[in-house]
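One structure below.
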């Protein structure tokens, strides 16, 4: 997509997930994503929103500097409250925690449910977000990973539809990432293993029954992750 060159790998991955049509970037911050869409010759409506006054003023400044103030509609408001149901085909929520994204979607079920596509980029808590989406009647349609330095970012595209995920660990590593054997998936699995390894070590001498059971479940989870890692590394 033309106009994406100045974006970070994280935002490039988000942009690539957005289908054609009207789009809203909720929590736009510096308005980098809507500006890149406008630069690309995007044919649909572009809405950007912010709830914090500082970021809102920054976004306003950046949009004016870009020359796209007639093309990008900037709105001030909380979450999806800035949108009417069915107003846009795609809603983007990027750069915030997975739990917060789920809360914002849950607070506006009509707006979220009438969008054809949700493009979501949680900074953490992607497993929490995936569980909420599936439980709320959404289907995980596509997923991507982007790497910036040592940091991995997960991007999820979802839409209304029934989905059953039978393996718990797929909420953590992404069912679409697993199905497509994403080239960065080994890095994501190693990150999970590293995090669980620290937790297991911290619980080694804790004898409370709950802690012992939790440590055992983490060890079991690590064994399965190791198995999955070997499967995709062959």
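Every number in this text was worked out from the coordinates using simple rules, so none of it is lab data. This one's a predicted model, so the numbers in the text were calculated from it and none came from an experiment. Using ideal geometry, Cβ is built from the backbone for each residue, glycine included, and neighbour counts are taken over all protein chains shown.
Sorted fewest first by neighbouring Cβ atoms within 10 angstrom, 144, 78, 39, 179 come out as 179, 78, 39, 144. As a proxy for reagent exposure, 191, 56 were ordered by neighbouring Cβ count within 10 angstrom, fewest first; the result is 191, 56. Protection proxy ranking for 167-174, 25-32, using the average of other Cβ atoms within 10 Å per residue and placing the highest first: 25-32, 167-174. Counting every other Cβ atom within 10 Å of each residue's Cβ, 224, 230, 215 order from fewest to most as 230, 224, 215.
Could you state the number of Å between the C-alpha centres of the stretch 25-70 and the stretch 108-171? So the separation of the two Cα centres works out to 24 Å. Looking at the stretch 9-164, the DSSP beta bridges with both ends there are about 40 percent antiparallel. Classification of the chain by its C-alpha gyration tensor yields a prolate form. The axis ratio a/c (a ≥ b ≥ c) is 1.5 or more, and a/b outweighs b/c. Angle of helix 185-202 to the longest C-alpha principal axis of the chain, folded into 0 to 90 degrees and rounded to 10: 50°.
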